[in-house]
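Notes to accompany the following structure.
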Amino acid sequence: MSENAKGSVTVTLDGSNKSITTPLMHGTIGPDVFDIRKVYNELGVFTFDPGYGGTAACDSKITYIDGDQGILLYRGYPIEQLAEKSNFLEVSYLLLHGELPTTEQMKEFEHNVVMHTMVHEQLRSFFGGFRRDAHPMAILCGVVGALSAFYHDSLDITDERQREIAAFRLLAKVPTIAAMAYKYSIGQPFVYPRNDLGYAENFLYMLNAVPAEEYKVNPILARAMDRILVLHADHEQNASTSTVRLAGSTGANPYACIAAGIAALWGPAHGGANEAVLKMLGEIGHVDNIPDFISKVKDKNSGVKLMGFGHRVYKNFDPRAKIMQATCHEVLRELGIKDEPLLDLAVALEKIALEDEYFVSRKLYPNVDFYSGIILKAMGIPTHMFTVLFAVARTVGWVSQWKEMIEEPGQRIGRPRQIYTGSPARDYAKP
Ligand code: ACO
């Protein structure tokens with residue numbers, strides 16, 4: 001980031017002779033940034049930005065989003081090109097290292113990932129402590145956090161090699177744990193990973209195979225799953241990534257930080273939205289009920305939202321949603337699903353919402369979750385696993401962002417301030 005700016009910002013505190021002028025900072029692309037670090041010291045006032053909609057909390061070289069144009073770049077490469085030409089493991093290398101790998105580098109990277117796919121046998125006993133009806137996100141959150149109790153040789157965040165090993169372990173073990181959480185919830189035996197399969201293929205294998213018979217993963221579905229993973233791999237400083245960074249800024253170990261990210265992802269305003277979309281479509285039930293549902297969405301007192309629509313950053317079509325829409329049709333075709341009532345409902349809902357003044361004026365477009373739920377459902381993945389899948393994909397983004405932060409010289413603990421609106425100081429007195 002360069003500070004030798006063309007341009008600066010001056011803020012003057014009304015009614016005082018205090019003012020501050022700071023140069024604008026520039027990224028490679030994107031809006032300039034007004035550095036507010038000295039505002040409190042020089043002016044004695046805080047800045048206020050709940051939800052951080054206008055605040056850059058860090059500088060990062062990993063992912064760029066232009067929400068108005070509907071652009072998403074990983075390390076400079078457009079998501080559309082990566083979804084078409086690359087694959088999840090190559091994208092993982094790119095996110096972690098900043099450049100696409102050579103053939104040799106890719107071979108070594110793949111080897112390092114597959115060597116870590118199994119989990120410590122003792123970790124299996126953790127699962128038995130959860131109720132059978134536990135949400136797999138609850139299990140994932142707990143078991144990923146527990147990795148720090150098993151892998152003591154990769155907890156020293158000041159050691160570059162240990163950070164690297166933790167990255168491989170997380171990338172390799174999260175799918176295994178996610179699949180185990182699923183198998184546990186349906187009462188089937190855990191399936192060990194197979195290192196001869198691709199990343200997405202192995203994940204589908206661990207989800208669907210049973211020891212009693214041979215199971216072959218459909219290559220089209222493996223490709224679709226790989227694409228879903230690519231599309232969800234990173235997304236700049238979203239709520240879960242910011243949570244990972246905030247937890248990491250305290251020096252917490254990587255497994256604890258990723259568990260914090262998983263917890264933040266779970267919410268329906270974030271990664272839980274794909275599950276919420278399916279629930280919503282089920283509740284609407286039929287195309288005829290859409291107008292009633294849309295009226296409810298527009299009524300602010302109803303608390304009903306059109307799930308899978310809207311985004312904090314994208315005020316145009318989410319580029320991931322476009323790719324997801326195409327993948328959705330591919331998967332349904334492959335599976336021979338001609339009439340999928342939920343898809344018909346989703347398409348009708350999308351059409352109405354894209355034409356309706358309420359959504360148009362607020363720039364509310366379908367986001368990635370609007371379609372991913374339908375694809376996953378068609379692939380036979382149960383709704384309560386949707387957010388888990390998102391977590392599997394996002395782990396590499398979280399780890400990349402965590403590593404970038406730890407490796408940043410002068411990294412400090414994240415510590416926002418507040419406007420205090422409680423009681424002023426008062427003396428203790430019993431009521
Ligand atoms: N349905 C109906 N109205 C909506 C929706 C929606 N899905 N999203 C936003 N709005 C309305 C708001 O009520 C607000 O209206 P107002 O100006 O009349 O008060 C206006 O649009 C602006 O919305 P904000 O709440 O300011 O948008 P914000 O950036 O805070 O929220 C969010 C973004 C959380 C994603 C929101 O759009 C939402 O809840 N969408 C549904 C959940 C969802 O799909 N989340 C997935 C996000 S993508 C991801 O995590 C992968």
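Here are some notes:
- The Cα atoms of region 368-431 define a convex hull whose projected area, averaged across directions, is 10.3 nm².
- For region 303-378, the set of trypsin sites (Lys or Arg not before Pro) satisfying both a DSSP loop assignment and a count of at most 12 other C-beta atoms within 10 Å is given as K338, R362.
- Estimated dipole of region 26-126 in Debye, rounded to 20 [Cβ of Lys and Arg +1, of Asp and Glu -1, Cα centre]: 240 debye
- Computed over the Cα atoms of region 14-94, the ratio of the radius of gyration to the Kirkwood radius (Rg/Rh) comes to 1.14.
- Annotation: per residue accessible area for the chain equals 51 Å², rounded to a whole number [probe 1.4 Å, protein chains only].
- Protein accessible area in region 30-123, 1.4 Å probe - carbon and sulfur %: 50 percent
- Projecting the Cα positions of A212, S249, A264 onto the charge dipole of region 199-290 (unit charges on Cβ atoms of Lys, Arg, Asp and Glu, taken about the Cα centre) puts S249 furthest along the positive direction.
- Sites excluded, GluC sites (Glu not before Pro) in DSSP loops with at most 14 other C-beta within 10 Å, longest stretch of the chain: 215-406
- Positive-pole candidate from G282, N367, V91, dipole of the chain, charges at beta carbon: G282
- Note on region 132-259: with neighbouring protein chains present and a 1.4 Å probe, carbon and sulfur make up 53 percent of its accessible heavy-atom surface.
- Neighbourhood charge, 13 Å Cβ-Cβ cut-off, centred on S361 and excluding it, Lys, Arg +1 and Asp, Glu -1: +1
- Separation of alpha-carbon centers, region 204-262 and region 294-315, rounded to whole Å: 27 Å
- Cβ-derived FRET efficiency at R0 30 Å, T421 paired with S19, nearest 0.05: 0.65
- Per-residue SASA entry for H152, accessible area with 1.4 Å probe, Å² rounded to 10: 130 Å²
- Alpha-carbon centroid distance for the pair region 45-116 / region 363-404, whole angstrom: 15 Å
- Total charge dipole magnitude, the chain, about the Cα centre, Cβ charges on Lys, Arg, Asp, Glu only, Debye to nearest 20: 1060 debye
- The dipole here belongs to region 279-362: it is taken about the Cα centre, uses +1 on the Cβ of Lys and Arg and -1 on the Cβ of Asp and Glu, and is about 500 debye.
- Restraint check, K85/K107; K61/K298; K183/K322, Cα-Cα greater than 27 Å: K61/K298; K183/K322
- Partners for K18 among lysines (Cα-Cα distance below 26 Å; same-chain residues under 8 apart left out): K6, K38
- The slack between D153 and R333, meaning 0.36 nm per residue of separation minus the straight C-alpha distance, is 60.1 nm.
- Partner lysines for K377 [C-alpha distance under 16 Å; skip if fewer than 8 residues away on the same chain]: K279, K338
- Stokes-Einstein translational diffusion, region 180-240 - Kirkwood Rh over all Cα pairs, 1.567 mPa s, 4 °C, in µm²/s: 100 µm²/s
- Cα principal axis extents for the chain, largest first, Å: 79, 61, 58
- Taking amide H positions as modeled 1.01 Å from N, with prolines and chain starts lacking one, the residues under 5 Å from I71 and 5 or more places away or on another chain are D66.
- Linear extension gain, K305 paired with D59, 0.36 nm per residue minus alpha-carbon span: 85.3 nm
- Length-normalised contact order of the chain in % [C-alpha pairs under 8 Å, at least 6 apart]: 19 percent
- When Rg and the Kirkwood Rh are both derived from Cα coordinates, the Rg/Rh ratio for region 280-319 amounts to 1.03.
The values are calculated or read from the model by the stated rules, or taken from the named source; none is laboratory data. Keep in mind the model is a prediction, meaning the values are calculated, not measured. Here the Cβ is made from the backbone with ideal geometry for all residues, glycine too, and neighbour counts use every protein chain on show. Ligands, DNA and RNA are stripped out before the accessible areas are found, and what is left, the full protein with its side chains, is counted by its heavy atoms. Shrake-Rupley method; radii C 1.70, N 1.55, O 1.52, S 1.80 Å.
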